[in-house]
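Any read-out appearing in this document is the output of simple, stated calculations on the displayed coordinates, not a laboratory observation. Values in this document were obtained by computation on a predicted structure and should not be read as measured data. Because the Cβ atoms are built from the backbone with ideal geometry, glycine has one as well, and the counts that use them run over all protein chains shown.
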Amino acid sequence: MCKINKKLLALHIVISLIIGGVVSYYSEAKWLAAAFWVSAAMYINGSIAYAEDARPGGFDNPDGKTPSNLTKGWGASKFALSSLGITIALVVIGYFFQVSL
């Protein structure tokens, strides 16, 4: 099972809220909506970086001798689909807050 680092999760939330506030100040976006959109952008960027680093020659696998489940077969597809799903969910929640509040 995946372990969640609570300190990093809290940092992610704080950064999303701060940048969302800045975006909402300079645009028509509402603060909470912008925070969710920032969170979605940070999440998909982190997911892509994590998958790239796990590939042979990447930061986490420089010699290519320790293959990861994220680089082959169903593991790669599952990771990509779950990352895309979470990102889409964050965007949709942000859209909900933008149009309903």
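Before anything else, pin down the relative contact order of the chain: Cα pairs under 8 Å, at least 6 apart, normalised by residue count, whole percent. Please list the in-between numbers first.
Values: 98 pairs, mean separation 27.0, N = 101.
Rounded, it is 27 percent for the chain.
On a per residue basis, the convex hull of the C-alpha atoms belonging to the chain measures out at 112 Å³. What lysines sit close enough to Lys65 to cross-link, taking a C-alpha to C-alpha distance under 23 Å and skipping anything fewer than 8 places away on the same chain? Cα-Cα hits under 23 Å: Lys78. Give, as a single signed number, the net charge of other residues whose beta carbon lies under 15 Å from the beta carbon of Gly20, with Lys and Arg counted +1 and Asp and Glu -1. Local charge sum for Gly20: 0.
With q set to 0.20, 0.22, 0.25, 0.30 Å⁻¹, the log10 of I(q)/I(0) for the stretch 55-94, from the Debye formula over equal scatterers at the Cα positions, is -0.65, -0.70, -0.77, -0.89.
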